[in-house]
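The structure under discussion appears below in the form of structure tokens.
Nothing in this text is a laboratory measurement; each read-out follows from the coordinates by a stated rule. Note that the coordinates shown come from a computational prediction; the quantities given were computed from them, not determined experimentally. Cβ sites come from the backbone with ideal geometry, for glycine too, and all protein chains shown count toward neighbours.
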């Protein structure tokens with residue numbers, strides 16, 4: 001119970017849950033860049049019903065942010081206000097039913113590709129080249145090596161901001177290159193994926209080729225966030241970045257990789273601000289050099305230190 005002049009702690013304003021609520025969760029520990037401030041509260045739901053009940057019962061003014069494994073995410077140094085939701089083990093199933101893959105939104109893309117390979121289901125090998133979860137892949141229509149998640153998606157299940165469950169098709173999701181039309185407050189919980197019959201050995205061979213291609217062309221052992229910018233069709237992002245002289249460009253502890261210049265890396269002591277300013281500088285130089293407007297593929301969330309929440313931009 002609060003007293004005059006004192007605010008009720010945020011966590012005390014939240015509904016009771018069966019999952020876990022934690023104050024001051026350190027987000028730098030769960031993002032690949034290993035930067036960023038804390039979450040006011042992190043919620044890890046016990047299951048889909050727990051998530052729906054929470055969203056139905058939370059205060060209307062309580063901001064909610066969803067994160068996956070943090071592979072394509074930049075959390076700003078001031079952290080994230082409100083509740084950060086992270087889908088954990090209860091959302092990581094990947095099983096075959098009637099020839100289709102039924103997968104949780106928290107399942108790693110690589111694990112889903114491996115389950116498909118073992119079942120002799122071809123067409124999902126590209127997922128082994130995408131660092132992240134199925135939920136993140138659905139949100140941004142992730143793709144690699146000539147395929148996108150929409151190519152193998154039958155339907156997805158999501159819980160909206162009011163706690164109502166929806167099942168939607170790729171057409172209803174309005175999926176296009178690195179984009180999905182669904183409202184930001186919809187949280188994906190599962191999906192049904194479909195490939196084609198294939199030989200497990202041939203599928204494994206293709207996945208090995210993808211892994212070797214990644215290791216040979218991307219700084220996968222660095223603290224990175226995957227592709228920084230979406231490819232500006234018909235160009236490739238790395239080509240216009242390279243042409244603008246930004247390969248190896250550095251701000252503070254942040255650097256555009258020498259190996260693949262569409263990858264930002266934390267060389268060891270970068271702040272989120274270093275990384276974001278580096279990305280913005282690259283966008284500026286590319287625009288000046290070639291007229292190409294690069295669009296961020298990395299999701300940037302939270303507050304800068306000493307600033308209010310920054311609005312989303314291109």
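If both residues of a DSSP beta bridge must be in segment 10-89, then about 40% of such bridges are antiparallel.
Across the chain, the relative contact order, built from alpha-carbon pairs under 8 Å that are at least six residues apart, equals 17 percent.
Assuming R0 = 25 Å, what is the FRET efficiency of residue 289 and residue 259, from their Cβ-Cβ distance, to the nearest 0.05? With a Förster radius of 25 Å, E is 0.75. Extending 7 Å from Cα along the Cβ direction at residue 209 and again at residue 56 yields two label points whose distance is 4.9 nm.
Computed log10 I(q)/I(0) for segment 1-154 at 0.16 Å⁻¹: -0.93, from the Debye equation with unit scatterers placed on every C-alpha and solvent omitted. Of all the options 276, 148, 202, the one that moves most in a Gaussian network model of the chain with Cα springs shorter than 10 angstrom is 202. Extension gain for residue 177 to residue 93 (0.36 nm times residue separation, less C-alpha to C-alpha distance): 27.6 nm.
If you rank 261, 246 by fewest surrounding Cβ atoms within 10 Å, what's the result? Provide the component values of the computation, followed by the final result.
Numbers: 261 24, 246 21.
So the ranking, lowest neighbour count to highest, is 246, 261.
Checking the a/c ratio against 1.5 first, then a/b against b/c, what shape does the Cα gyration tensor give for segment 146-198?
Numbers: a/c = 2.90, a/b = 1.63, b/c = 1.78.
Taking the square roots of the gyration eigenvalues as a ≥ b ≥ c, segment 146-198 is oblate.
Work out, step by step, the length gained on full extension between residue 169 and residue 185: first 0.36 nm times the residue separation, then minus their alpha carbon distance; give nm to one decimal.
Values: separation 16, 0.36 × 16 = 5.76 nm, distance 1.76 nm.
The span from residue 169 to residue 185 would gain 4.0 nm if fully extended.
Residues 240, 233, 17, ranked from the fewest to the most other C-beta atoms within 10 Å, line up as 233, 17, 240. Counting neighbouring Cβ atoms within 10 Å and putting the fewest first, the residues 64, 83 line up as 64, 83.
The gain in end-to-end length when the residue 28 to residue 46 segment is fully stretched comes to 4.2 nm, 0.36 nm per residue minus the alpha carbon separation. For segment 61-76 versus segment 267-287, the spacing of their alpha-carbon centroids is 19 Å. Looking at segment 1-137, the DSSP beta bridges with both ends there are about 55 percent antiparallel.
Given 4 °C and 1.567 mPa s, how large is the Stokes-Einstein diffusion coefficient of the chain in µm²/s, with Rh as the Kirkwood radius over Cα pairs? It would help to have the intermediate numbers written out before the result.
On the way: Rh = 20.5 Å.
It comes out at roughly 63 µm²/s.
Pairs of alpha-carbon atoms within less than 8 angstrom and 6+ residues apart define the contacts here; what relative contact order does segment 219-301 have, in percent?
36 percent
Per-peptide packing, taken as the mean over residues of other Cβ atoms within 10 Å, places 288-299, 127-138 in the sequence 127-138, 288-299 from highest down.
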